[in-house]
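The values are calculated or read from the model by the stated rules, or taken from the named source; none is laboratory data. The structure presented is a predicted model; accordingly, all values stated were derived computationally and were not measured. Here the Cβ positions follow ideal geometry from the backbone for every residue, glycine too, while neighbour counts run over all protein chains shown. Ligands, DNA and RNA are excluded from the accessible area calculation, which covers all protein heavy atoms including side chains. Shrake-Rupley method; radii C 1.70, N 1.55, O 1.52, S 1.80 Å.
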Amino acid sequence: MASFLLLRRSTVSHTFFSNANFAASICIYTTSRQFSSSTGTVKIDFTDLTRPHTWYPAARRKKRNVFLHVGPTNSGKTYSALKRLEQSSSGVYCGPLRLLAWEVAKRLNKANVPCDLITGQEKEIVDGARHKAVTVEMADVSHDYDCAVIDEIQMIGCRSRGFSFTRALLGIPADELHLCGDAAAVPLIQEILSVTGDNIEVQYYDRLSPLVPSKIPLRSFSDIRTGDCIVTFSRRNIYKLKKRIEDDGRHLCSVVYGSLPPETRTRQATMFNDESSEFDVLVASDAIGMGLNLNISRIIFSEMEKFDGLEMRPLSVPEIKQIAGRAGRYGSKFPVGEVTCLDKKDLPLIHSSLNCPSPILESAGLFPTFDLLYMYSRSHVNVGLCQILEEFVENAKLSENYFITNCEEMLKVAAVLDELPISLHDKYLFCLSPADMNDEILSQGLTQFACQYAKNRIVRLKEIFTPGTLKVPKTQAELKELESIHKVLELYVWLSFRLDDSFPDRDLAASQKSICGMLIEDFLERLGFQKPIPIPKRLKQIR
């Protein structure tokens with residue numbers, strides 16, 4: 001894969017930075033930096049995060065009507081909220097995934113409700129639109145809405161992204177706020193909103209179609225049938241299982257996993273859903289847990305543990321329920337969903353997980369705004385962002401309803417950026433970018449972008465990437481490399497929406513990103529094993 005050979009090694013989201021937030025933060029905090037006034041010295045502690053609801057004055061000026069739509073997967077809870085959004089004079093949908101934002105924008109526009117699509121990597125503006133479908137990180141907390149929907153609200157407890165859901169929950173100034181998700185989030189949200197003055201109503205939903213856990217595991221791969229989805233948690237296992245199923249000669253498999261480009265995931269899902277397609281079995285990771293409409297008859301867990309970036313751990317009850325619940329989609333040709341596994345010893349965990357409620361969420365994610373970090377930095381002269389972040393997080397004061405979101409990835413990026421002559425604001429922006437520093441190619445891409453930005457204040461894509469050199473991967477190693485290149489191109493597009501004058505090659509990056517997606521799909525098609533052509537009986541006899 002020669003396309004990124006020019007990506008030289010170097011030695012060295014999603015949030016809006018608003019004056020309103022800055023003003024609010026000055027008014028709220030008490031105790032650390034000293035300011036002189038006519039009445040004496042006032043101390044301001046910018047690490048005091050105990051009252052985050054006061055960061056959003058636009059939302060606090062409203063008495064919002066908050067509706068919690070809670071229930072299991074496939075219960076119609078999100079459908080009800082979206083119907084209200086569709087009927088509203090203005091509104092915003094906030095989803096955890098780009099796929100969900102795309103789906104809602106498409107739905108509203110089809111219903112003749114003009115709707116913009118805004119994610120970290122796309123911005124599609126529709127004439128006359130008063131509705132938006134956005135990824136939750138892109139929620140605008142300064143704009144008034146008649147109606148807002150936050151999907152998968154239980155992700156407020158996510159260790160890496162929870163703060164984006166907290167920000168949307170506390171900050172969106174909507175007359176009606178509809179929250180969709182697991183009932184496990186209800187007590188925490190009621191507690192968090194007890195200080196906002198909002199009205200809260202909880203609406204519970206039951207699953208629309210039965211979900212039946214099997215009493216026996218899958219006996220053999222010859223028992224795989226049309227509509228099955230076998231779940232595993234690594235790219236290697238996904239392709240291993242795909243080959244094993246297809247070697248039997250009766251099925252072809254679509255694949256879905258997190259590092260596939262979203263467009264590729266959607267097309268793989270479409271092939272699986274298409275009854276006229278030969279791809280009638282799905283091999284997937286937990287990426288199917290949300291964001292894709294899939295006509296699955298039976299979920300088969302190949303394993304019940306996953307690597308979470310730090311260690312191998314058992315699947316949690318919410319994870320098992322979210323994945324298993326994708327079987328038996330209401331309105332599909334599979335009215336009853338089934339769940340089983342490969343190993344008999346895993347059956348008790350599946351049964352117990354499906355028969356018990358998810359653990360109640362105890363706290364929500366929180367992270368300091370740039371304004372707070374900036375004010376904190378004023379008393380820490382000649383200190384880099386990495387140290388500022390570490391010290392701020394270490395000294396942060398929180399109420400029992402909140403935790404500081406894991407910022408290990410941000411610290412890795414900050415350590416690289418602190419070697420460069422870039423403003424604190426721009427460093428913070430780079431730190432919020434979708435960059436996995438454990439991905440060597442993506443890490444190099446971010447470093448190269450930052451170095452060029454620091455040196456020239458303009459980053460041309462062709463300086464590190466040669467268009468026209470992308471090729472269809474021939475091995476899984478090359479596939480992984482192409483997926484990483486796709487992420488580098490996505491990173492360029494992400495930065496171009498925030499520093500548009502400095503990243504002027506958005507269209508080129510977007511077109512090359514699309515080519516990456518097509519080449520990945522080409523690989524997946526070539527990897528598929530064609531079903532043998534049936535031989536007529538008399539020819540079999542002759543042979």
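Numerical summary
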{"quantity": "Some residue of the range 287-298 being hydroxyl-bearing (S, T, Y), under 20 Å from R236 (Cβ atoms) and modelled with pLDDT of 95 or more", "calculated": "no"}
{"quantity": "Considering residues of the range 68-112 that are in a strand (DSSP E or B) and touching a Ser or Thr at 6+ places or on another chain (Cβ under 9 Å) only, the residue nearest to A183 (Cα to Cα)", "calculated": "H69"}
{"quantity": "Residues satisfying the stated conditions in the range 469-491, i.e. of a type in the set (A, V, I, L, M) and part of a helix (DSSP H, G or I)", "calculated": "A477, L479, L482, I485, V488, L489, L491"}
{"quantity": "Lone qualifier among T47, T39 - being open to solvent by 30 Å² or more (accessible area, probe 1.4 Å) and either modelled with pLDDT under 90 or closer than 21 Å to E391 by Cβ (or both)", "calculated": "T39"}
{"quantity": "Matching option when the condition is open to solvent by 50 Å² or more (accessible area, probe 1.4 Å), polar (S, T, N, Q) and assigned to a helix (DSSP H, G or I), among S514, S496", "calculated": "S514"}
{"quantity": "Within the range 301-316, considering residues that are farther than 24 Å from R219 by Cβ and acidic (D, E), the one least open to solvent (accessible area, probe 1.4 Å)", "calculated": "D308"}
{"quantity": "Positions within the range 458-478 being at pLDDT below 95, open to solvent by 40 Å² or more (accessible area, probe 1.4 Å) and more than 23 Å from D522 (Cβ to Cβ), in sequence order", "calculated": "K462, E463"}
{"quantity": "Hits in the range 340-371 (condition: part of a helix (DSSP H, G or I) and within 30 Å of E394 (Cα to Cα))", "calculated": "F370, D371"}
{"quantity": "Selection from the range 317-339 of residues that are assigned to a loop (DSSP other than H, G, I, E, B) and open to solvent by 40 Å² or more (accessible area, probe 1.4 Å)", "calculated": "R329, Y330, G331, K333, P335, V336"}
{"quantity": "Enumeration of residues in the range 521-543 that are in contact with a Leu (Cβ under 6 Å, 6 or more places away or on another chain) and either modelled with pLDDT of 75 or more or open to solvent by 80 Å² or more (accessible area, probe 1.4 Å) (or both)", "calculated": "F523"}
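Results for (1) at pLDDT 95 or above; (2) surrounded by fewer than 16 Cβ atoms within 10 Å (Cβ to Cβ); (3) over 19 Å from P173 (Cα atoms), shown as yes or no for each residue.
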{"position": "I26", "(1), (2), (3)": "no, yes, yes"}
{"position": "T31", "(1), (2), (3)": "no, yes, yes"}
{"position": "Q34", "(1), (2), (3)": "no, yes, yes"}
{"position": "K43", "(1), (2), (3)": "no, yes, yes"}
{"position": "A59", "(1), (2), (3)": "yes, no, no"}
{"position": "N65", "(1), (2), (3)": "yes, yes, no"}
{"position": "P72", "(1), (2), (3)": "no, no, yes"}
{"position": "I118", "(1), (2), (3)": "yes, no, no"}
{"position": "D127", "(1), (2), (3)": "yes, yes, yes"}
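Yes or no, residue by residue, for (1) outside the structural domain of L489 (by the TED database); (2) open to solvent by 20 Å² or more (accessible area, probe 1.4 Å); (3) not in a helix (DSSP H, G or I):
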position: Y376; (1), (2), (3): no, no, no
position: V381; (1), (2), (3): no, yes, yes
position: V393; (1), (2), (3): no, yes, no
position: E409; (1), (2), (3): no, yes, no
position: K412; (1), (2), (3): no, yes, no
position: F430; (1), (2), (3): no, no, no
position: S433; (1), (2), (3): no, no, yes
position: M437; (1), (2), (3): no, yes, yes
position: T447; (1), (2), (3): no, no, no
